[in-house]
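Working notes for the structure below.
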Amino acid sequence: MSDVLVVACFVAYMRIKVQLQGQVCWGGWCLIMVAILQLLGPWCLSPHRIWREIMPDRPDPGGDSISCVTCNMILPASFLERRCPRCWKRLHRRKPDALVRTAALVAAGYILYFPAYYYPMSYTLQPGGVQYVTIIDGVRDLINAGFWYLAIIIIIASILIPLLKLTGLSWMLIRVRFPSKRRLVLRTRVFHIIHRIGRWSNVDPFIVALMAPLFSFPGVADVYVGKAALPFALVVACTMLAARSFDSRLMWDAAQSQEDSHG
Ligand SMILES: [Zn+2]
């Protein structure tokens with residue numbers, strides 16, 4: 001998550017720099033390097049290769065087989081409900097209660113989505129009064145200050161990604177209930193994208209968490225966390241857990257069973 005934290009630090013730094021003097025010191029540059037290395041890591045390392053170094057893949061068991069969702073090892077069906085010999089994850093044919101858990105988390109995400117955008121994410125106490133800042137206000141302030149590129153980051157991370165995750169997972173849940181073979185590959189790819197980008201929604205909560213203690217000048221200006229911070233953090237948590245709970249193979253199972261019933 002250090003890459004997300006660095007982006008949040010950058011946005012918070014630019015916001016603070018409008019009113020205060022400041023510069024990035026050695027600790028900041030080290031954190032930026034950690035984030036860059038963390039971003040480059042997955043491009044340089046193949047998870048499958050690392051798993052094979054830990055324990056080589058077994059020969060194709062043939063017949064009825066299952067695969068481990070963590071390390072992708074293919075094992076005979078006799079391993080069902082036992083632990084994977086390579087990563088020690090308990091093996092199931094499909095993730096347990098995937099549909100119910102995902103549907104409940106997506107529903108909770110929709111309910112929390114509206115207070116997260118309606119209420120202020122932060123508020124500032126200053127001699128002129130209290131200034132409330134919602135996520136949309138934050139975007140508008142960045143555009144007015146000339147930081148349109150930061151506004152685009154916030155729009156993508158805080159508005160579009162949570163919405164994409166909720167609508168994308170809803171589409172997949174509907175397609176398990178009302179199966180279709182159309183766009184199965186596209187849906188599976190979208191699911192993997194949703195799984196990967198989920199953590200980027202944490203940018204805005206990180207910005208508030210960084211600014212609240214830094215922007216504390218009693219009697220002059222004091223930043224506090226607003227009512228929207230908790231529902232927004234819960235939206236992010238719900239969508240991340242929903243993506244983790246869902247099993248994309250259920251869409252393929254449903255499409256196959258529909259074809260079998262018509263065939
Ligand atoms: Zn495994």
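Taking residue 233, is it in contact with a Phe, Trp or Tyr (Cβ under 6 Å, 6 or more places away or on another chain) and at pLDDT 75 or above?
Values: in contact with a Phe, Trp or Tyr (Cβ under 6 Å, 6 or more places away or on another chain): no; at pLDDT 75 or above: yes.
Taking the combined requirement at face value, the residue does not satisfy it.
Among the residues making up the range 14-49, those that are outside any helix (DSSP H, G or I) and either open to solvent by 50 Å² or more (accessible area, probe 1.4 Å) or at pLDDT 75 or above (or both) are 18, 19, 20, 21, 23, 24, 25, 45, 46. Can you pull out every residue in the range 126-140 that is out of contact with any Phe, Trp or Tyr (no Cβ under 7 Å at 6 or more places or on another chain), touching a residue at least 60 places away in the same chain (Cβ under 8 Å) and surrounded by 15 or more Cβ atoms within 10 Å (Cβ to Cβ)? Result: 138, single match. Contact map, the range 38-51: first residue farther than 14 Å from residue 196 by Cα, second residue within 16 Å of the ligand (Cβ to nearest atom), Cβ cut-off under 7 Å, separation 6 or more or different chains; pairs are 48/72; 51/71; 51/86. When you go through 175, 183, 189 one by one, which is the residue that is under 30 Å from residue 251 (Cα atoms), among the charged types (D, E, K, R) and surrounded by 15 or more Cβ atoms within 10 Å (Cβ to Cβ)? Among 175, 183, 189, only 175 is under 30 Å from residue 251 (Cα atoms), among the charged types (D, E, K, R) and surrounded by 15 or more Cβ atoms within 10 Å (Cβ to Cβ).
Test residue 52 against the criterion of being over 29 Å from the mean Cα position of the chain (by Cα) and either within 13 Å of the ligand (Cβ to nearest atom) or surrounded by 11 or more Cβ atoms within 10 Å (Cβ to Cβ) (or both), and give yes or no. Taking the combined requirement at face value, the residue does not satisfy it.
In summary, residue 207 fulfils each of the numbered conditions (1) assigned to a helix (DSSP H, G or I); (2) open to solvent by 30 Å² or more (accessible area, probe 1.4 Å); (3) at pLDDT below 75 with the single exception of condition (2). Tell me the residue from 11, 7 that is in contact with a Leu (Cβ under 7 Å, 6 or more places away or on another chain), more than 11 Å from the ligand (Cβ to nearest atom) and open to solvent by less than 60 Å² (accessible area, probe 1.4 Å), please. Exactly one residue qualifies, and that residue is 11.
When the criteria are applied in full, residue 82 meets the requirement of being within 14 Å of the ligand (Cβ to nearest atom), open to solvent by 30 Å² or more (accessible area, probe 1.4 Å) and not assigned by TED's automatic domain parsing to the domain that holds residue 243. Of the residues 118, 123, 113, the single one that is at pLDDT 85 or above, more than 11 Å from the ligand (Cβ to nearest atom) and surrounded by 14 or more Cβ atoms within 10 Å (Cβ to Cβ) is 113.
Considering only residues that are of a type in the set (A, V, I, L, M, F, W, C), within 14 Å of the ligand (Cβ to nearest atom) and open to solvent by less than 70 Å² (accessible area, probe 1.4 Å), which ones fall in the range 85-99? Within the range 85-99, 87, 91 meet the criteria. Only residues that are more than 10 Å from the ligand (Cβ to nearest atom) and not hydrophobic (A, V, I, L, M, F, W, C) were counted across the range 60-75, and they come to 6.
The values are calculated or read from the model by the stated rules, or taken from the named source; none is laboratory data. Since this is a predicted model, take the numbers as computed values, not measurements. Cβ coordinates were reconstructed from backbone atoms using ideal geometry, including for glycine residues, and neighbour counts include every protein chain displayed. Heavy atoms of the whole protein, side chains included, go into the accessibility calculation; ligands, DNA and RNA do not. Shrake-Rupley method; radii C 1.70, N 1.55, O 1.52, S 1.80 Å.
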